[in-house]
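Heads up, the thing below is written out as structure tokens.
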Amino acid sequence: MRSYTTSVLAHLFGILAIILLLVWLLHYREGIEYDSDNPLRVFNVHPLLMFLGFIFFAGQAIMAYHTVPGEWQTQRLIHVTLHLIAIVLGIVGICAVFRFHDMVNLEDVYSLHSWIGIATFCLFGVQWLLGLAFMFRGSRAERAGVAPWHIAGGRALLYMAICAALTGLMERFTMLKPHQSESRLINFLGLAILVFGIFVDITVSLAHFGS
């Protein structure tokens with residue numbers, strides 16, 4: 001019952017983060033468009049897709065075994081599919097920021113945010129591929145042995161993605177020097193992202209203890 005409550009709270013904070021992110025990008029930061037001639041609109045594709053893929057959908061995938069009704073095979077399919085969607089969104093999001101850097105003549109992969117982000121993306125892909133390999137080729141004993149490491153790795157990657165998001169927000173905040181109302185929105189957005197991740201992690205922890 002407690003894991004159900006925390007999963008509801010995770011969804012609420014996840015939806016809140018999406019709303020705050022859209023308000024920030026559409027109202028304060030000129031909108032979202034990958035093929036735009038405006039580099040800021042191109043850049044805004046990056047935070048939107050990276051959050052949706054590697055934090056929101058990844059969090060949903062982590063909770064799928066505890067929140068999706070139905071057979072274990074159905075939960076596993078949703079888990080794998082959500083992670084695949086995250087990877088696709090991540091590819092587009094990374095392409096968007098590289099395109100933005102080309103448009104404004106900025107160096108690529110120069111900040112702590114980008115280092116954490118690239119590492120998270122690469123490890124996320126490795127985790128997904130290894131999960132597929134053991135799901136289709138591993139024996140039941142091998143899957144049981146790998147499962148704790150897979151679960152721990154997924155939770156660690158979620159927090160890495162959150163670290164990337166928060167350092168990205170701080171980097172953007174420093175570059176833009178926004179006025180007071182926008183800076184408060186950015187702060188609340190960062191808190192909503194962090195609390196979402198915390199409740200996802202708590203949901204999984206409580207579910208494993210049978211709560």
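The values are calculated or read from the model by the stated rules, or taken from the named source; none is laboratory data. Just so you know, these numbers come straight off a predicted model, no measurement behind them. Neighbour counts run over all protein chains shown; Cβ positions are idealised from the backbone, glycine included. The area values use the complete protein model at the heavy-atom level, side chains included, leaving out ligands, DNA and RNA. Shrake-Rupley method; radii C 1.70, N 1.55, O 1.52, S 1.80 Å.
Here are the numbers:
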item: Residue within the stretch 82-92 that is without any contact (Cβ under 8 Å) to a residue 24 or more places away in the chain and not basic (Lys, Arg) present; result: yes
item: Any hit, the stretch 61-68, residues being open to solvent by 60 Å² or more (accessible area, probe 1.4 Å) and either out of contact with any Gly (no Cβ under 6 Å at 6 or more places or on another chain) or at pLDDT 95 or above (or both); result: yes
item: Checklist (1) under 19 Å from the mean Cα position of the chain (by Cα); (2) exposed (fewer than 13 other Cβ atoms within 10 Å of the Cβ) applied to Ser139, failing item; result: (1)
item: Hits in the stretch 102-113 - residues which are assigned to a helix (DSSP H, G or I) and over 22 Å from Gly125 (Cβ atoms); result: Asp102, Met103, Val104
item: Counted residues, the stretch 128-183 - those being part of a helix (DSSP H, G or I) and more than 30 Å from Val23 (Cα to Cα); result: 23
item: Tally, over the stretch 26-62, of residues that are in a helix (DSSP H, G or I) and farther than 24 Å from Ser183 by Cβ; result: 8
item: Qualifying residue in the stretch 18-25 (condition: assigned to a helix (DSSP H, G or I), in contact with a helix residue (DSSP H, G or I) (Cβ under 9 Å, 6 or more places away or on another chain), open to solvent by 30 Å² or more (accessible area, probe 1.4 Å) and modelled with pLDDT under 95); result: no
item: Pairs, first at pLDDT 85 or above in the stretch 125-140, second part of a helix (DSSP H, G or I) and surrounded by 11 or more Cβ atoms within 10 Å (Cβ to Cβ), C-beta under 6 Å, six or more apart; result: Gln127/Gly153; Trp128/His83; Gly131/His150
item: Failed condition for Thr81, given (1) buried (at least 19 other Cβ atoms within 10 Å of the Cβ); (2) out of contact with any Phe, Trp or Tyr (no Cβ under 6 Å at 6 or more places or on another chain); (3) more than 23 Å from Glu171 (Cα to Cα); result: (1)
item: Single unsatisfied condition, Tyr65 versus (1) in a helix (DSSP H, G or I); (2) among the hydroxyl-bearing types (Ser, Thr, Tyr); (3) more than 23 Å from Leu189 (Cα to Cα); (4) out of contact with any Lys or Arg (no Cβ under 9 Å at 6 or more places or on another chain); result: (4)
item: Enumeration of residues in the stretch 199-211 that are surrounded by fewer than 17 Cβ atoms within 10 Å (Cβ to Cβ) and either modelled with pLDDT of 95 or more or in a helix (DSSP H, G or I) (or both); result: Ser205, His208
item: Trp115 vs. criteria open to solvent by 60 Å² or more (accessible area, probe 1.4 Å), of a type in the set (Phe, Trp, Tyr) and closer than 30 Å to Arg29 by Cβ; result: yes
